Amino acid sequence: MTVIEPHEVVSCLDQDKAAADGQAIVQLMFIDADLMPVGTGRPRFHEVTYPDRSLFTGITALHRGLAHGKDELDLESSLTHLLTVLLARHADAPGAVSPTLRPRALRQVREMLHSQLSSNIKLDDLAAVAGCSKRHLIRSFRQAYGVPPHHYRTLLRLARAKSLLAAGRSVAETAAELGYCDQSQLNRHFRREFGMSAGGYARTVR
């Protein structure tokens, strides 16, 4: 995994040049400064390349999600988590941690998640409501409610999905009503939280 700091010239590394003949693909990601920690200075990286398998795997999954149109709130939350891990493991990250958001701001974010359950809400939208950075919002929301915003919305959707399935709605209809790309995405979330598919759950309650 290669890290290039702001204002540095990006050039092809020797290992990339060597791999080019093998049709290697180099994927770049430009990070919004708003996602970085608040403090007295920006993090510093002392190396260019870091051999970190778990981070590499996470970033690869993030690129794959971007390519396949995965939900934007999930993607942005995954990116924020990966940045936190990157900074903790490999950077000198100066600056004090900012205080958590006030309860009123957090309630407004939570109300937006409840009221727009089927919408493709972005982390930018939630941060604008809270009046803070995206990274600060995720940290404060997790501290207040136990999970980050994207997971909170998933739990809301799954609770609603259970009601719809129990009422006789099909998995496809339920997925469409709740804003999922397709029923396979709903099934993935169902399995992750409950250990069974949405269809399997429907069969147990009808």
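The values are calculated or read from the model by the stated rules, or taken from the named source; none is laboratory data. Every value quoted in this text rests on a predicted model; they were computed, and no experiment measured them. Cβ sites come from the backbone with ideal geometry, for glycine too, and all protein chains shown count toward neighbours. Heavy atoms of the whole protein, side chains included, go into the accessibility calculation; ligands, DNA and RNA do not. Shrake-Rupley method; radii C 1.70, N 1.55, O 1.52, S 1.80 Å.
When every alpha-carbon pair in segment 118-182 is counted, what percent end up more than 14 Å apart? When all Cα pairs of segment 118-182 are counted, 62 percent exceed 14 Å.
For segment 49-165, the percent of C-alpha pairs falling in each 10 Å distance bin, counted from 0 to the bin holding the largest distance, reads 12, 40, 34, 13, 2.
Packing-based ranking of 159-172, 178-191, 130-143 yields 130-143, 178-191, 159-172, ordered from highest to lowest mean Cβ neighbour count within 10 Å. Solvent exposure of segment 128-201 amounts to 45 Å² per residue of accessible area, where only protein heavy atoms count and the probe is 1.4 Å.
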